[in-house]
Structure formats: structure tokens, C-alpha cells
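Report on one structure; see the data block that follows.
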Amino acid sequence: MTHFEHALELAERGRGKTGDHPLVGAVVVREGVVVGEGWYEYDGVRHAEAIALEQAGDAARGATLYTTLEPCSHHGRTPPCADAVVAASTAGMTGAASSGMGSGVVVGERHAAAHTTSSAARIIR
């Protein structure tokens, strides 16, 4: 199983709990080892990326974040995930087709919400 497939599997844990919000899974990988993981369960809770980065702690520096959905870049009920990615020092955003080698963010799908789409890429780069 690839790290991105692992993120997809984690996203499924939120099925039936997220209401009209998307299923999101995230995995932080450093030197081939999973150091953090998370998924979005329901409205008002931290997002998958924030949970995975928090779990990874200092190991997130220089790691790769695999996320099934572009990190949010707006402040709603939770702080922007894009800011958490920058703070964790994972760098650069690529599409899912990327090899994911080295530090960066591998995103499976752009966010459909107009206020988020592609904004995270500008923040994270």
C-alpha cells in the first residue's frame, strides 16, 4: 500500500460522520516511516492535516504530507490547515502523481470550495 492509499483508507473512517463535508485523510511520512496520521470526522473538529501534523510533532520537519484534499486556507471553525503545513515546515505542494520523495505536500484533489481552491498552494509554496 502506498502512503497516499493509506491516506485514502484513513479518510474512509469519517464516512457517515462528516455530513456535507468531504472525507479527508492525511499521512505524514519521514524517511519512509509514518510519523503522523489523521482523518476528518465531523464538523467543528480539527482537520485531518492538522491532526496528522500535530501527531508527527518535530518529525514533520522535512517530511512529506500526503493528503486526499487540498488543505484549507481560510479561518472558519478551525484555523487554516495551510498555515499548519507551513508552520510544520513541510515545503512545496504537488499533485498526487508526484513521487512524493523528499519534503513536501502531495495532494489528491483540489478543494471545491471557491474560497479555498488553489489558495493553499500559494501559501505553502
Per residue solvent-accessible surface (Å²) - the stretch 5-89, probe of 1.4 Å: 48
P(r), alpha carbons of the stretch 1-70 - 10 Å bins starting at zero, rounded %: 26, 53, 19, 2
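The values are calculated or read from the model by the stated rules, or taken from the named source; none is laboratory data. Every value quoted in this text rests on a predicted model; they were computed, and no experiment measured them. The area values use the complete protein model at the heavy-atom level, side chains included, leaving out ligands, DNA and RNA. Shrake-Rupley method; radii C 1.70, N 1.55, O 1.52, S 1.80 Å.
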